[in-house]
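Have a look at the structure below before the remarks.
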Amino acid sequence: MVGRIRKYENEMPSMETYLEKEYLDKDNNAVIRIFAYDGIEWFDKLSIGNQATLNQDIYDFIDRKAYYIPIRYPIIIQFENVELNEEEQNQIIRLIKEYYASILFDKRIDLHFNFITILSLFILGIILLIIYFTMNTAEVGAVFSEVLSIAASFALWEAVDFFLLERKNISKERWNAGQLTISDIRFITKEK
């Protein structure tokens, strides 16, 4: 079975080929096309006034499509078959920009807390190692000394984990949100 999967993987088109075929226009923009079917619910039924939000299905669809688009491509979100007036279109544009801007802002905060966590764990690990080596030279309690060694190692490894893995994921989510925040949003009206 593994051999068959590897053979299939080798025969698959590259991601670039997939992007060119499915997303890229002649200007090298990645276009996310959204079909506004008859009866589409644009706004969340529970939201009103200044707290109006788009239907979560629209955001989910954009997120699913944008997942495959590398950061180097500008994104165009293109709603097709639309029967909205200019005011409604402007409201949708504003809501999409605000939604992804809030995610971008949230990811910046997450990166800040991630940095604080890394720094705290690193400093804790160093302090515990200093205590461990000090206690080893004084030959005080082998069990306590080993507990300090384990705690110091754990703190340092956690700092590395937060730096190498979690920070990378947060950064990726931040750049993706930024890419969607600055995307161009277009509406193609329904042909009559």
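The values are calculated or read from the model by the stated rules, or taken from the named source; none is laboratory data. Here the structure is a predicted model, which is why all the values come from computation and not from measurement. Counting neighbours? That spans all protein chains shown, and the Cβs are built from the backbone with ideal geometry, glycine included. For the accessible areas, the whole protein counts, side chains as well, though only heavy atoms, and no ligand, DNA or RNA atoms are used. Shrake-Rupley method; radii C 1.70, N 1.55, O 1.52, S 1.80 Å.
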How many lysine pairs are close in the range 1-73, with Cα atoms under 28 Å apart and the two 8 or more places apart or on different chains? 5
In the chain, what percent of the accessible surface is made up of carbon and sulfur (1.4 Å probe, ligands and nucleic acids excluded)? 59 percent
Please report the relative contact order for the chain, taking Cα pairs under 8 Å with a sequence separation of at least 6, and give it as a percent rounded to a whole number. 29 percent
Could you give me the ³J(HN,Hα) list for the range 57-65, computed from phi with Karplus coefficients 6.51, -1.76, 1.60 and θ = phi - 60°, whole Hz, x at Gly and Pro? 4, 5, 4, 4, 5, 4, 4, 4, 6
Most positive-pole-ward Cα, P74, Y100, F115, against dipole of the range 51-122 from beta carbon charges: F115
Does the range 57-110 classify as rounded, prolate or oblate by the C-alpha gyration tensor (a ≥ b ≥ c root eigenvalues; a/c under 1.5 gives rounded; else a/b over b/c gives prolate, otherwise oblate)? oblate
On Cα atoms only, tilt of 167-181 relative to the major axis of the chain in degrees: 20 degrees
Top of T53, T17, T181 by mean-square fluctuation, Gaussian network on the chain, Cα under 10 Å: T17
Pick from E11, E20, E80: which residue has the top mean-square fluctuation in a GNM of the chain where Cα pairs under 10 Å get a spring? E11
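Explain nothing, just the number: relative contact order of the range 95-192, from Cα pairs under 8 Å at least 6 residues apart, as a whole percent.
Normalised by residue count, the contact order of the range 95-192 is 48 percent.
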With a cap of 16 neighbouring Cβ atoms within 10 Å, and only residues DSSP puts in a loop, list the GluC sites (Glu not before Pro) found in the range 99-192. E139, E191
Measure of size requested: the Rg and Dmax of the range 1-110, with Cα atoms as the atom set and Å as the unit; please supply both. 17.7, 57
Which trypsin sites (Lys or Arg not before Pro) in the range 34-139 sit in a loop by DSSP (not H, G, I, E or B) and have at most 10 other Cβ atoms within 10 Å of their own Cβ? K45, R72
Kindly report the accessible area of the chain per residue (heavy atoms of protein chains, probe 1.4 Å, no ligands, DNA or RNA), in Å². 70 Å²
Across N85, N29, N50, the residue with the highest GNM fluctuation in the chain (Cα network, 10 Å cutoff) is N50
With unit charges on the beta carbons (Lys and Arg positive, Asp and Glu negative) and the dipole taken about the Cα centre of the chain, which residue among N169, M12, L24 sits farthest to the positive side? M12
Charge dipole magnitude, Cβ of K and R +1, D and E -1 - the chain, Cα centre, debye nearest 20: 440 debye
